[in-house]
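The values are calculated or read from the model by the stated rules, or taken from the named source; none is laboratory data. Computed from a predicted model, the values in this text were never measured in an experiment. Please note: Cβ atoms are built from the backbone with ideal geometry, for glycine as well, and neighbour counts cover all protein chains shown.
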Amino acid sequence: MICNCGRVGEIGSEHLCSFCFIERFEKRVKKALRQRKLEKNERVLVVGEVAAYLFNKYIRVPLFVEYSSELKEWFDTVVIEWTMDDECIAFLEAFAGGKLKDDSSIKLFQFVSDQDVGLYAKMKNLNFIPRKKSMHWQEFLSRFDLDMKYNLLRSAGEFRELMKKPNKN
């Protein structure tokens, strides 16, 4: 296949060249980072090797940052390796169960799939281990094409915003 730029594109679900894949991937990570403004001197926990690499690359605010492979308490903000697949499955599970949790973590990879994070990590010689997911919902989600996953992700965000608004009854 041919990439949008005209080069041979063999990477990811959108068949991009390596340059365009990395550019698109990092653009989506920056979008996730913009969703929550980090304040000067905030205590931030960054969980995961790929998250740490990208956090260091793009964040320039003076912060108290700790890097870890596991979640810890007592931080103002937590940056996690949470992918689009994680978000979609969490939304489906919550919607089916009637309870949607509000999470204040920065979900660094919410706009990219597990597969794309794995490809990016491999290209950068980093370690990425996808979260374990419900086999039922993972199999259900595997039937979705990329556009359907983005629509589900958008619906999950809109639903969360609706849940935050006070009930006017």
Residues that are among the charged types (D, E, K, R), over 15 Å from F109 (Cα atoms) and surrounded by 13 or more Cβ atoms within 10 Å (Cβ to Cβ), drawn from the range 132-160: K133, R160
Which numbered condition I2 misses (of (1) at pLDDT 90 or above; (2) touching a Gly at 6+ places or on another chain (Cβ under 8 Å)): (1)
Among (1) more than 15 Å from F25 (Cα to Cα); (2) in contact with a helix residue (DSSP H, G or I) (Cβ under 7 Å, 6 or more places away or on another chain); (3) surrounded by 13 or more Cβ atoms within 10 Å (Cβ to Cβ) - the single one N127 does not satisfy: (3)
Checklist (1) in a helix (DSSP H, G or I); (2) of a type in the set (A, V, I, L, M); (3) under 17 Å from L54 (Cα atoms) applied to L92, failing item: (3)
Cross-chain or 6+ apart pairs with Cβ under 6 Å, the range 26-41 first and in a loop (DSSP other than H, G, I, E, B), then surrounded by 13 or more Cβ atoms within 10 Å (Cβ to Cβ) and not charged (D, E, K, R): R36/I106
Number of positions in the range 67-76 that are surrounded by 13 or more Cβ atoms within 10 Å (Cβ to Cβ) and either acidic (D, E) or under 15 Å from the mean Cα position of the chain (by Cα) (or both): 1
